[in-house]
Amino acid sequence: MIEPKHFNVPILLLALSSLVSCNNSNSNITSTSDAQLKQVIASRGLTGNPITTNTPSISSKEAQLGMELFYSKSLGGDRDSACVTCHHPTLGGGDNLTLPIGTEAETPDLLGPGRVQLQSGTNYDAGPTVPRNAPTTFNLAAWKKALFHDGRVESLGASGIRTPDSAFGTVDAKGGENLAQAQARFPVTSPEEMKAFNNNDKDNQQMRDFLAQRLGGYGAGAGVLQDTDFWLNKFRTVFNSPSGSASELITEQNISFLIGEFERSQVFVDTPWKSYVDGDTTAISEDAKKGALLFFSTKEDGGANCSSCHSGDFFTDEAYHNLAMPQIGRGKGDGNDGSNDFGRFRETKQESDKFAFRTPTLTNVEVTGPWTHAGSYTSLSNVIKHHLDPQSAIDNYDINQLTQQGIQTGNMQANTQLAIDSANFESIDTTLTDTQVGYLVTFLKTLTDPCVKDRQCLSSWILDPEVNNDPNGDQLNAVDINNTTL
Ligand code: HEC
Ligand code: HEC
């Protein structure tokens, strides 16, 4: 890994020569990077569009009812947490926090910065309660292999989907139709996310069934909601079953399917980079083109080879790598005191997977911070610099970049050093100037669909707080710390 950087290949020389000259009107330079990029795009077969499956429209009745469920605290064990708590469209499809707080928040409808746990909450320590960063739900339909940072919901091909409810490598018969549905069955089984601690007498399936019964007013869950016709009428319409009963229609399988359809409708791929790939050479700036060349070029060619892992149109190989990102937060219960997170190893039990996490997508990455599996970096340049020299990034890690209150950082050095010292540790081990890191950041920002920065454009995916028609009062009306509607 310790090869020196070579400057003997034309791609880099051309990229560098364009750095030296700051003259944007020099059309030769433009055409040079365009020519190089054209070759990169052709040789990798890039189209600019990561979504290759059919996705539902947000106006479909399935996605519409899925949205109502996504925004409903009725699916929280204590009716104080919903999917949207950690996956709000105006927060990049995440929560804008390093690490989430789900159940037992001081103000359940306050999302993002300022969300804190109730002091009387379970295991209160003034910090976040969920051990990993909430990834975006944007473009969920583009994932082909696996969901979660450790891929514990994963496709086994035509045979089905493996989930935490089935042994590693075996199909979960209730996994559902697609990865989105399979995943949507799990947040309600996590006490910190949605289940709440006083439901710990129920196993995963009992909890899902209980929640379905609560919405439908049947079985053991009956009686919790005053008005269950509210949900029954909607399920009857969506499933074209005017006289279907609640126990037939309001099932955990139908609930997870509908939520998955809402997520799969979140397609945000109209990026400047896509326009560029489509042939509009003016769609991205000269600096972004320099960044793109660094991103796609190998080390031999003077690049950073980012695309060896962040490959394809979705900028991920959907594989697992140990980059020793700072391990902060409560941890997943691994290591001597439980504050570590062994990542993919937790699933496969293979040493070669220890501390390895799924390569994240970079589509819309500009709006999905804080970044890494533990949300430990709050700027894109810091994440990139970590890739280049993890040891120095860990030694000089600045906890002041974390603005969220109470983040557990006490074991960061020791836990992360174990990852660096692990045999499967990978780093790019390349020196880039700050200017070059800046070009990479500029390139990454061309992967942003403008819609995700525009509340008006996102409004189709936001359940209108003005039209709160849930008579049970469970709709989450998201506000920020200033009490402004999100
Ligand atoms: C308290 C915050 C919280 C709540 C509530 C929550 N999530 Fe998440 N979500 C997370 C975190 C954290 C992860 C990553 C966990 C991991 O990888 O181990 C995640 C992962 C996901 C993923 C995987 C994305 C990917 O790129 O792999 C999807 C999809 C998702 N959540 C959807 C949902 C849905 C649907 C609900 C409601 C049923 C929900 N979430 C409720 C925090 C939350
Ligand atoms: C060896 C594989 C590999 C290479 C090469 C690589 N990355 Fe990564 N990258 C990852 C993995 C894995 C993560 C997530 C690690 C974690 O969460 O612990 C990541 C995280 C990121 C993130 C944070 C994304 C998020 O949502 O949290 C960014 C941004 C990023 N990489 C950009 C780059 C850039 C730019 C380059 C080239 C300089 C690069 N990566 C090279 C594997 C790689």
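The values are calculated or read from the model by the stated rules, or taken from the named source; none is laboratory data. Note that the structure is a prediction, hence the values are computed from the model and not measured. Glycine also receives a Cβ, built like all others from the backbone with ideal geometry; neighbour counts cover every protein chain displayed.
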Listed by first then second residue, the pairs whose first member lies in segment 360-385 and is in contact (Cβ under 8 Å) with a residue 60 or more places away in the chain and farther than 19 Å from residue 432 by Cβ, whose partner is outside any loop (DSSP other than H, G, I, E, B) and within 11 Å of ligand 1 (Cβ to nearest atom), with beta carbons under 6 Å and at least 6 positions apart or on separate chains, are 368/94; 373/357
Residue satisfying condition, being within 13 Å of ligand 1 (Cβ to nearest atom), within 30 Å of residue 272 (Cα to Cα) and of a type in the set (Gly, Ala, Ser), within set 319, 304, 374: 374
List every residue pair whose Cβ atoms sit under 6 Å apart, with the two residues 6 or more apart in sequence or on different chains, where the first one lies in segment 113-130 and is in contact (Cβ under 8 Å) with a residue 12 or more places away in the chain and the second, anywhere, is within 13 Å of ligand 1 (Cβ to nearest atom) and among the hydrophobic types (A, V, I, L, M, F, W, C). 115/101; 115/105; 117/101; 128/99; 128/101; 129/101; 130/99
Is there a residue in segment 320-327 that is more than 8 Å from ligand 2 (Cβ to nearest atom) and within 21 Å of residue 46 (Cβ to Cβ)? no
Flag if residue 391 is modelled with pLDDT of 95 or more, within 16 Å of ligand 1 (Cβ to nearest atom) and either assigned to a loop (DSSP other than H, G, I, E, B) or out of contact with any strand residue (DSSP E or B) (no Cβ under 7 Å at 6 or more places or on another chain) (or both): no
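So that you can scan it fast, the table gives a plain yes or no per residue for (1) touching a Gly at 6+ places or on another chain (Cβ under 9 Å); (2) among the hydroxyl-bearing types (Ser, Thr, Tyr); (3) under 30 Å from residue 147 (Cα atoms):
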residue: 167; (1), (2), (3): no, no, yes
residue: 180; (1), (2), (3): yes, no, yes
residue: 194; (1), (2), (3): yes, no, yes
residue: 219; (1), (2), (3): no, no, no
residue: 233; (1), (2), (3): no, no, no
residue: 249; (1), (2), (3): yes, no, yes
residue: 257; (1), (2), (3): yes, no, yes
residue: 263; (1), (2), (3): yes, no, yes
residue: 273; (1), (2), (3): yes, no, yes
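For segment 157-182, which positions are more than 21 Å from the chain's Cα centre (by Cα), aliphatic (A, V, I, L, M) and closer than 18 Å to residue 348 by Cα? Explain how you work it out, then say what you get.
Pass one, segment 157-182, residues more than 21 Å from the chain's Cα centre (by Cα): 157-160, 165-174.
Now restrict to residues that are aliphatic (A, V, I, L, M): 158, 167, 171, 173.
Matches in segment 157-182: 167, 171.
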Would you pick out the residues in segment 443-458 that are assigned to a helix (DSSP H, G or I) and within 20 Å of residue 311 (Cβ to Cβ)? 443, 444, 445, 446, 447
Odd one out for residue 415, checked against (1) away from ligand 1 (no atom under 16 Å from the Cβ); (2) under 29 Å from residue 165 (Cα atoms); (3) assigned to a loop (DSSP other than H, G, I, E, B): (3)
